[in-house]
Amino acid sequence: MVYLGKVLVVFGTRPEAIKMAPVIRELKQVQDIETVVLVTAQHREMLDQVLQLFNIEPDHDLDLMREGQDLYSITTGVLNGVREVLEKEKPDLVVVHGDTATTFAASLAAFYQRIPVAHVEAGLRTHNKYSPFPEEINRTLTSRLADLHFAPTDLNRDNLLRESIGDLRIWVTGNTVIDALIQTVRPSFDFGSELSGVDFNRRIILLTTHRRENWGSRMQQIYQAILDLLDTFGDIEIVFPVHKNPIVRNLAESMLGESKRVHLIEPLEYEPFANLMNQSYLVLTDSGGMQEEAPSLGKPVLVLRDTTERPEAVKAGTVKLVGTNRERVFNEARNLLANQLDYHKMARAINPYGDGKAAGRIAKVIVEFLYARLGAQ
Ligand code: UD1
Ligand code: UDP
């Protein structure tokens with residue numbers, strides 16, 4: 001046995017945790033490396049739900065989340081907090097995920113100490129600086145800082161090549177979200193009492209919204225379209241696990257709180273959530289991760305955004321970008337509720353985001369990288 005080195009895995013939000021869990025699992029199985037987990041806890045309850053489900057016990061927890069935190073406070077908090085852990089742990093590689101403030105600031109902290117960075121879910125782009133905001137810039141800057149780039153798809157790889165990232169530093173692995181999803185979804189999942197108020201004999205529309213660029217009037221229009229849909233279709237139920245952000249909560253409660261057949265519920269744990277998606281008729285969301293999960297479950301998605309960094313499923317026909325205009329959202333959803341032919345054209349299981357083995361590929365490259373590094377010393 002040769003000791004290859006120490007890997008520090010850093011993440012801070014719910015989606016990062018879901019997508020890093022399979023990577024941590026694979027890394028922990030490699031005896032020749034030490035895997036240390038640092039959570040910035042940019043999210044708290046929503047993060048803890050995932051840590052619990054996947055049995056991840058962080059070695060370091062910065063516990064940064066504050067109600068109504070802004071981009072400055074979270075970014076500087078991560079930068080300074082990660083700095084201290086790096087000084088203590090002295091890892092040989094830092095692994096980050098995606099496009100959050102944690103991703104960018106942790107990569108910068110590692111760069112300042114000349115520690116190499118591996119970026120999981122690299123190369124997603126809209127090429128629009130402000131959409132999604134601030135994720136497009138977070139991930140672009142992270143690509144500049146990273147040394148190993150794990151791209152989910154060929155298209156993501158092409159985006160990186162266009163930005164002069166060396167071909168030999170990019171690996172197309174698939175998205176680790178599919179690894180997590182496969183471990184989680186079962187055909188006859190029992191929701192227990194958690195969703196007891198939901199009438200599964202009706203058609204379920206799963207709704208989530210949280211994007212910063214949708215805060216305010218754009219989110220109002222989305223919720224108005226939901227009310228229009230409820231007026232038009234008596235056989236639908238809206239299940240809306242509401243993000244913990246008070247900006248989203250207050251608006252959702254004030255506009256949808258009184259409506260029958262709308263279930264405003266707490267963020268669900270990943271297991272019931274993924275299984276609920278699997279039993280839904282239609283998904284309306286501005287989420288990034290759900291654009292990857294729903295297509296692999298054969299669920300049509302209307303994306304409540306003007307841009308997407310995940311065009312693969314749009315091209316395949318399972319996802320449609322509809323924006324946030326009240327009439328447009330209503331018309332697109334109405335069509336899928338009323339027109340079975342159009343619905344079935346969209347409701348096909350496709351898998352552009354991976355085969356469920358992405359994390360294994362990532363761990364293998366990390367081992368090879370550490371091995372080569374050891375040889376070079
Ligand atoms: C963050 C990421 C976004 C990602 C999203 C996933 C940034 C700038 N944004 O956005 O890229 O898509 O997470 O959900 O990195 N809150 C709680 N409990 C929680 C989580 C959040 O109360 O467990 C509340 C807090 O008041 C917090 C607020 O939500 O201040 C916003 O959290 P923050 O991480 O800053 O932004 P998100 O909108 O969640
Ligand atoms: N999710 C969850 N519970 C919920 C809502 C979402 O577990 O109540 C999962 C979802 O399946 C996906 C991830 O959280 O894997 C997406 O998180 P979010 O939409 O907050 O972030 P994004 O993907 O847009 O960054």
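Here, each number is a calculation from the coordinates, and none is a lab measurement. Quantities reported herein were computed from a predicted structural model and do not represent experimental measurements. Cβ coordinates were reconstructed from backbone atoms using ideal geometry, including for glycine residues, and neighbour counts include every protein chain displayed.
Among the chymotrypsin sites (Phe, Trp or Tyr not before Pro) in the range 64-168, those located in a DSSP loop and surrounded by at most 15 other Cβ atoms within 10 Å of their own Cβ are Y130.
In a simple Cβ point-charge model (Lys, Arg +1; Asp, Glu -1; nothing else charged), the chain has a dipole of about 780 debye relative to its Cα centre. On a 0 to 90 degree scale, rounded to 10, what angle separates helix 326-338 from the longest Cα axis of the chain? Roughly 80 degrees between the two axes.
Length, then width, then depth: along the principal axes, the Cα atoms of the range 169-293 run 48, 35, 24 Å.
For the residue pairs K19/K88; K19/K364; K88/K129; K299/K357; K244/K320, alpha carbon separations beyond 28 Å are given by K88/K129. For K299, K129, the sequence from fewest to most other C-beta atoms within 10 Å is K129, K299.
How many percent of the alpha carbon pairs in the chain exceed a separation of 34 Å? Before the final figure, lay out each step's value.
Working: 17827 of 70876 pairs.
Summing the P(r) tail past 34 Å for the chain gives 25 percent.
Quick check for you: which residues of the range 34-76 have the amide N under 11 Å from the point 7 Å beyond the Cα of M1 toward its beta carbon? Only 34 fall inside the zone, counting backbone N under 11 Å.
Give the longest segment of the chain that steers clear of GluC sites (Glu not before Pro) in DSSP loops with at most 14 neighbouring Cβ atoms within 10 Å, not counting the sites themselves.
On the way: sites that count: E67, E163, E194, E258.
Answer - 259-377.
Diffusion coefficient (Stokes-Einstein, Kirkwood radius over C-alpha pairs, 37 °C, 0.692 mPa s) for the range 137-177: 321 µm²/s, rounded to a whole number. Fewest-first ordering of R157, R186 by other beta carbons within 10 Å of each residue's beta carbon gives R186, R157. Under the convention that each Lys and Arg Cβ holds +1 and each Asp and Glu Cβ holds -1, the size of the dipole of the range 237-331 around its Cα centre is about 320 debye.
The value of relative contact order for the chain, using C-alpha pairs under 8 Å at least six residues apart, is 16 percent. Note on the range 264-377: Cα-only Rg and Dmax are 18.2, 65 Å. Hull volume per residue, based on the alpha-carbon atoms of the range 1-121 and their convex hull, is 90 Å³. For the chain, the mean residue ellipticity at 222 nm estimated from helices alone is -14000 deg cm²/dmol, where every DSSP H run of n ≥ 4 contributes -39500 (n - 2.57) and the total is divided by all residues, rounded to the nearest 500. Sites listed here are trypsin sites (Lys or Arg not before Pro) in the range 257-348 whose DSSP assignment is loop and whose Cβ has at most 14 other Cβ atoms within 10 Å: K260, R348. Restricting the trypsin sites (Lys or Arg not before Pro) of the range 36-113 to loop positions (DSSP other than H, G, I, E, B) with no more than 12 neighbouring Cβ atoms within 10 Å leaves R66.
At 10 °C and 1.306 mPa s, what whole-number value in µm²/s does Stokes-Einstein give for the translational diffusion of the range 255-331, with Rh from the Kirkwood sum over Cα pairs? Could the numbers behind the result be given before it?
Values: Rh = 13.4 Å.
Using the Kirkwood radius from Cα pairs, D works out to 118 µm²/s.
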